[in-house]
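The values are calculated or read from the model by the stated rules, or taken from the named source; none is laboratory data. None of these values were measured; they are calculated from a predicted model. Note that each Cβ is placed from the backbone with ideal geometry, even for glycine, and that neighbours are counted across all protein chains shown. Each accessible area value is taken on the protein alone, full model and side chains, heavy atoms only, with ligands, DNA and RNA left out. Shrake-Rupley method; radii C 1.70, N 1.55, O 1.52, S 1.80 Å.
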Amino acid sequence: MGCAARAGKLEQHSEVHPRINSKHCTNCGVCLDYCPSEAISERDGSAFIADDRCLGCGECLVVCKAGAVKMRWGEDSALLQEKMAEYAFAVQSRFKGKIGFLNF
């Protein structure tokens with residue numbers, strides 16, 4: 001994944017969407033300001049993410065100081081892994097015979 005451009009990383013994560021734990025949300029509004037797709041709104045005193053508008057970029061996860069935003073990795077992890085494998089295959093194809101592998 002590290003070799004993918006920003007657009008590629010967004011595409012890889014496009015099916016994995018974050019959620020907001022309303023118990024931890026302070027409703028500060030920072031995530032609303034940073035969301036590039038305007039998928040976050042205020043609902044019942046807490047931030048809320050509309051899955052149909054979310055890109056899965058994770059900006060909200062990074063800027064949330066309260067730790068209220070978490071990714072839902074378990075829901076779509078198979079599709080994410082498939083996309084990561086496609087990107088790794090593309091890199092491997094480009095550098096055939098000149099690539100090393102690390103697995104941990």
Condition first: open to solvent by 40 Å² or more (accessible area, probe 1.4 Å), in a loop (DSSP other than H, G, I, E, B) and modelled with pLDDT under 95. Can you find one or more residues in the stretch 8-16 that meet it?
yes
C57 passes all but one of (1) touching a Cys at 6+ places or on another chain (Cβ under 9 Å); (2) part of a loop (DSSP other than H, G, I, E, B); (3) over 12 Å from H17 (Cβ atoms); which number fails?
(3)
For F104, all conditions in the list (1) more than 18 Å from the chain's Cα centre (by Cα); (2) in a loop (DSSP other than H, G, I, E, B); (3) at pLDDT 80 or above hold save one; what is the number of the exception?
(3)
Taking the stated definitions as given, is C31 part of a helix (DSSP H, G or I), over 30 Å from A90 (Cα atoms) and modelled with pLDDT of 90 or more?
yes
